[in-house]
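These notes are about the structure you will find just below.
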Amino acid sequence: MKRSGVLLALACGGHAAEPAHVMIPPPTQSALATPPPPKPRDACDEIRAEQRAKIVAEFRARATHGEGVTEASVLAPFERGLVGGCASFEGGAWAMEFSDHALSDYDAISGEAVLVIDVHHARIRQSGAPMWVGAAGTFVSTKLALAGDYDGDGVPEVFLGSYEDGVEGGHSESGTIYTLSNGAVVTYAPIAALEKRVPGIFFRAPRDVDGDGRMDLPTNAGVDLGAETECFGKSDWTTPHFLAHALADGTFSLDDDVAKREAKKFCPAPPATLDQPADVLCARLWASTPAAFTALKKRVACVAWDCAAEISGKPQQPGAARACAARRDAIDAKPPFTLP
């Protein structure tokens with residue numbers, strides 16, 4: 001029976017069972033691993049790598065170093081972004097680049113540097129005298145920040161400020177706006193015009209005060225409260241109580257409504273006392289008539305430093321005399337407007 005069953009199966013064309021084949025479809029395109037897009041070029045990465053290599057090479061080339069000074073300690077301010085500033089934008093970057101030595105004799109990051117712009121793989125350096133820069137906490141440090149595209153040419157302008165520590169009277173700051181124009185790095189023309197029209201004006205890091213998308217510039221508007229005296233030299237009370245308001249046409253206003261509103265934050269009303277130079281400046285803003293100005297001058301009655309008395313040994317009060325000289329400077333200051 002068993003054999004006849006096999007023969008019957010063969011006679012009927014039967015065959016032994018084979019395993020079933022399952023067809024697996026090819027993976028779809030979405031199932032394939034998609035490689036990450038290439039990282040956009042960041043010119044700051046390249047510039048900072050170059051500057052770092054320069055610092056390291058100078059350090060390693062020296063035969064001896066100060067006690068406790070290491071390569072890591074020298075690089076620390078650079079790694080934290082306190083020196084060698086760089087600000088990237090689409091297609092390039094603004095940066096400070098050491099033009100000569102990057103280290104002082106005491107193994108501190110300090111040397112001559114120039115402002116450069118790297119745009120579309122071309123690097124353009126500012127002509128003229130370089131700036132002496134160092135790490136924050138040394139005599140001079142720098143602040144570099146994008147200011148926005150004031151002139152609408154597709155390349156943002158940049159703010160570059162110098163911050164000096166150790167000047168008599170404390171800490172002073174000043175800066176201006178640079179642009180790329182006709183293939184050269186130059187002071188932005190509307191800012192250059194203000195600097196020519198308002199002697200002694202300086203600016204600080206830009207910020208959008210009124211929320212219109214344009215970066216405004218805090219400024220002293222040429223008002224210098226640092227008293228210059230023969231015995232003392234300079235004493236710096238100057239602060240940016242005013243505003244250069246950025247306008248839609250790429251220029252700036254020192255006396256429009258936005259600028260006046262910012263000044264009122266510093267000086268909302270005439271001050272009751274005139275103890276400090278800033279008090280006098282505030283009162284000066286509200287002295288909108290000749291009579292008010294004359295009355296204000298009478299209120300600032302003080303004794304300035306007497307160099308002859310100092311030489312003769314006559315006792316004086318240096319602090320009070322110095323403040324007096326600064327208050328007199330504040331009386332003579334010419335703010336860009338008066339209130340209200």
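Selection within the range 90-116: residues that are touching a strand residue (DSSP E or B) at 6+ places or on another chain (Cβ under 7 Å) and either open to solvent by 30 Å² or more (accessible area, probe 1.4 Å) or not in a strand (DSSP E or B) (or both). The member of this set that is farthest from residue 52 (Cα to Cα) is 91. When residues in the range 80-109 are screened for being under 17 Å from residue 69 (Cβ atoms), more than 18 Å from the chain's Cα centre (by Cα) and in contact (Cβ under 8 Å) with a residue 24 or more places away in the chain, 8 of them pass. Scanning the range 219-236 turns up one or more residues that are within 18 Å of the chain's Cα centre (by Cα), under 27 Å from residue 125 (Cα atoms) and at pLDDT below 95. Residues in the range 256-297 that are open to solvent by less than 70 Å² (accessible area, probe 1.4 Å), without any contact (Cβ under 8 Å) to a residue 12 or more places away in the chain and under 18 Å from residue 210 (Cβ atoms): 256 alone. Does residue 81 fit the bill of being of a type outside the set (Ser, Thr, Tyr), closer than 27 Å to residue 156 by Cα and open to solvent by less than 20 Å² (accessible area, probe 1.4 Å)? Answer is no for this residue.
Restricting attention to the range 204-216 and to residues that are closer than 12 Å to residue 158 by Cα and of a type in the set (A, V, I, L, M, F, W, C), the residue that is farthest from the chain's Cα centre (by Cα) turns out to be 215.
The values are calculated or read from the model by the stated rules, or taken from the named source; none is laboratory data. This is a predicted model, so every value here is computed, not measured. We place every Cβ from the backbone using ideal geometry, glycine too, and count neighbours over all the protein chains shown. Note: accessible area is taken over every heavy atom of the protein model, side chains too, but ligands, DNA and RNA are not part of it. Shrake-Rupley method; radii C 1.70, N 1.55, O 1.52, S 1.80 Å.
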